[in-house]
Amino acid sequence: MSLESLTRNAVDILPAGGLEAKLKLGRPLRVKFGIDVTAPHVTIGNGVPLQRMRAFQDAGHIGVLIVGDYTTRIGDPSGRSAERPLLDPEEIDRNAQRFFDHASRIIDPEKTEVRFNSEWLKDLDFAGVLALTRTVTVAQLLERDDFAKRFAAREPISVSELLYPLMQAYDSVAIEADVELGGTDQLYNLLAGREVMQAYGLAPQVVLTVRLLLAWDGEKMSGSKGNYIGLAEAPEEQFGKTMRIPDTQLEEWYRLVLEREVPSGEPMAAKLELARQLVARSHGADVATAAEAYFTRVVREGQAPDEVGETALPEGDPVHLPAALAAAFGLSTSEARRLIAQGGVKLDSEIVSELDHARGALLGKTIQAGKRRFARFREPPDA
């Protein structure tokens with residue numbers, strides 16, 4: 001496989017000539033990609049660097065997926081103006097379990113190692129943490145753009161946030177990475193990995209970044225912001241969310257996601273084709289055709305779907321509606337609460353705002369979450 005195929009859509013490949021030198025080693029390279037499990041979905045945005053991992057795998061190299069179950073408990077501050085809120089440990093664990101299955105829709109699972117960074121980070125004693133902190137200076141950490149801005153504005157920066165890039169870098173030490181992939185917002189963290197690996201006597205990794213995929217709101221696609229398309233999300237959701245992309249972003253989406261040029265002609269036709277291709281990649285061509293028919297009927301024509309699937313209510317009376325929505329549609333409870341607060345949830349066509357409902361008031365009723373998700377509540381089979 002050519003170097004161009006491995007580096008398609010790359011922005012940074014550092015150091016210059018480093019990847020070529022690694023490829024001449026004559027052995028499979030260990031190609032690292034890590035993600036914090038802040039949401040129940042791996043996103044289409046995460047899929048851009050995952051496509052680069054697949055290219056390396058197709059060329060005979062090894063993909064190493066780092067599930068950041070430990071670092072998620074701190075939260076990556078990259079590109080943020082404030083510290084990320086911490087998630088419940090149980091929610092982190094649930095999200096981590098889904099990670100590999102979702103990512104496998106792009107990467108080759110047979111050529112992938114899955115590693116949880118709690119394997120090594122939980123065993124670092126205080127002496128080990130101090131040894132890690134000696135590999136960089138505070139001045140180097142404060143050179144990072146988001147830290148520099150917050151420091152200049154006298155906004156708080158916790159010590160745990162300063163440790164985050166070191167923890168991510170230590171992942172590279174633990175797995176002896178040859179190449180690390182990431183978005184352009186991760187450049188500092190990936191370069192820190194080179195410094196820390198060298199301090200531990202290892203050959204430093206090559207850094208390869210790709211352009212960030214922006215969501216329909218113009219922001220970085222992010223599970224924690226809710227502006228994402230999940231690789232394993234329901235096909236109707238994938239199709240409908242793709243149709244929200246502005247015409248001005250189509251060229252970028254085609255280049256980053258489908259890795260080809262946007263077709264000439266009407267933007268609507270190009271957008272429909274993009275939606276079909278995204279759904280087909282995750283669910284198959286037949287499902288993509290059905291998702292398009294669903295979108296036409298429910299969103300464009302404003303009709304209810306021909307068939308509404310049933311979903312079991314969670315136990316208890318009253319029923320906590322965010323929990324019911326999470327079970328029915330794969331949302332996080334925080335996403336469900338936000339959707340209710342925005343007036344985006346209807347029960348038999350009536351907007352609902354209460355979080356708790358009598359069980360009898362929900363049974364047999366059709367719940368609608370947003371424009372495209374419908375389900376009918378029933379009792380669990382063993383009730």
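The values are calculated or read from the model by the stated rules, or taken from the named source; none is laboratory data. Computed from a predicted model, the values in this text were never measured in an experiment. As a convention, Cβ positions derive from the backbone with ideal geometry for all residues, glycine included, and neighbour counts pool all protein chains shown. For the accessible areas, the whole protein counts, side chains as well, though only heavy atoms, and no ligand, DNA or RNA atoms are used. Shrake-Rupley method; radii C 1.70, N 1.55, O 1.52, S 1.80 Å.
Numbers for the structure displayed
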{"read-out": "For the range 173-323, size of Cβ-based charge dipole, Lys and Arg +1, Asp and Glu -1, in debye", "value": "440 debye"}
{"read-out": "Between the range 130-144 and the range 222-265, the Cα center-to-center distance that results, in Å", "value": "38 Å"}
{"read-out": "Accessible surface of the chain, 1.4 Å probe, proportion on carbon and sulfur as whole %", "value": "51 percent"}
{"read-out": "Computed FRET value (nearest 0.05) for T7 with R27, which takes r as the C-beta separation and R₀ as 30 Å", "value": "0.95"}
{"read-out": "Additional length obtainable on full extension of the chain from S264 to K149, 0.36 nm per residue less Cα span", "value": "37.2 nm"}
{"read-out": "Protection proxy ranking, peptides 271-279, 102-110, average beta carbon neighbours within 10 Å, highest first", "value": "271-279, 102-110"}
{"read-out": "R0 of 41 Å, Cβ-Cβ distance V159-T248: FRET efficiency to nearest 0.05", "value": "0.50"}
{"read-out": "Heavy atoms of I157: accessible area, 1.4 Å probe, square angstrom to 10", "value": "40 Å²"}
{"read-out": "Reach of K111 by Cα under 17 Å, taken over aspartates and glutamates that are not fewer than 8 positions away in the same chain", "value": "D58, D101, E176, D178, E180"}
{"read-out": "Nearest-20 debye value, the chain charge dipole, Cβ charges on Lys, Arg, Asp, Glu", "value": "620 debye"}
{"read-out": "Listed residues P381, S334, H283: farthest to the positive end of the dipole of the range 225-383 (Cβ charges)", "value": "S334"}
{"read-out": "K149 accessible area, assembled protein chains, probe 1.4 Å, Å²", "value": "130 Å²"}
{"read-out": "Ranking by accessible area, most exposed first, for K122, K365, K22 with a 1.4 Å probe", "value": "K122, K365, K22"}
{"read-out": "Å² per residue, accessible surface of the chain at 1.4 Å", "value": "46 Å²"}
{"read-out": "R372, R300, ranked by accessible area, largest first (probe 1.4 Å)", "value": "R300, R372"}
{"read-out": "Distance in nm between pseudo-label sites at R115 and A341 (7 Å out along the Cβ direction from Cα)", "value": "3.9 nm"}
